[in-house]
Amino acid sequence: MTHNALQNMVVEFLEWSHWFVFPNVEGRSKSGRSTYAGITDLTAIKAGVTLWIEIKVGADTLRDSQEEFKFEVTTHGGHWIECHDGMDELLSFIEQLRKQGNKI
């Protein structure tokens with residue numbers, strides 16, 4: 001499976017499940033401003049819950065900037081998920097949130 005195929009599958013599932021989901025782009029805007037280094041591929045929001053989702057396939061691993069972004073998100077109480085070669089991690093995490101009483 002390719003990165004784009006997995007990302008599209010995750011987006012389709014989340015949108016079908018009524019999440020507000022959007023891709024993040026790392027780099028510089030036309031105005032020359034930089035985005036946050038290591039930002040995840042996707043962000044999804046529903047019922048007050050925000051998920052930062054990184055897509056990885058095959059032998060892909062997190063870059064140092066992605067590890068730093070993950071640290072910052074989780075240190076501040078955020079939800080950071082890596083979908084590696086599938087959606088098992090995402091589905092498991094969503095189920096865990098539901099069991100905790102989240103109405104997602």
Looking at the structure I just gave you, is G38 at positive phi and in contact with a helix residue (DSSP H, G or I) (Cβ under 7 Å, 6 or more places away or on another chain)?
yes
Flag for F20 being of a type in the set (F, W, Y), out of contact with any strand residue (DSSP E or B) (no Cβ under 8 Å at 6 or more places or on another chain) and at pLDDT 95 or above:
no
Identify, please: which residue in the stretch 62-96 is out of contact with any strand residue (DSSP E or B) (no Cβ under 9 Å at 6 or more places or on another chain) and part of a loop (DSSP other than H, G, I, E, B) and is, among those, nearest to F22 (Cα to Cα)?
M87
Tally the residues that are more than 12 Å from the chain's Cα centre (by Cα) and either under 19 Å from E12 (Cβ atoms) or in contact (Cβ under 8 Å) with a residue 12 or more places away in the chain (or both), restricting the search to the stretch 65-93.
8
Can you tell me which residue in the stretch 53-104 is nearest to T2 (Cα to Cα), limited to those that are surrounded by fewer than 16 Cβ atoms within 10 Å (Cβ to Cβ) and polar (S, T, N, Q)?
T61
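The values are calculated or read from the model by the stated rules, or taken from the named source; none is laboratory data. Note that this is a predicted model, so its numbers are computed, not measured. Every residue, glycine as well, gets a Cβ built from its backbone with ideal geometry; the counts of neighbours run over all protein chains shown.
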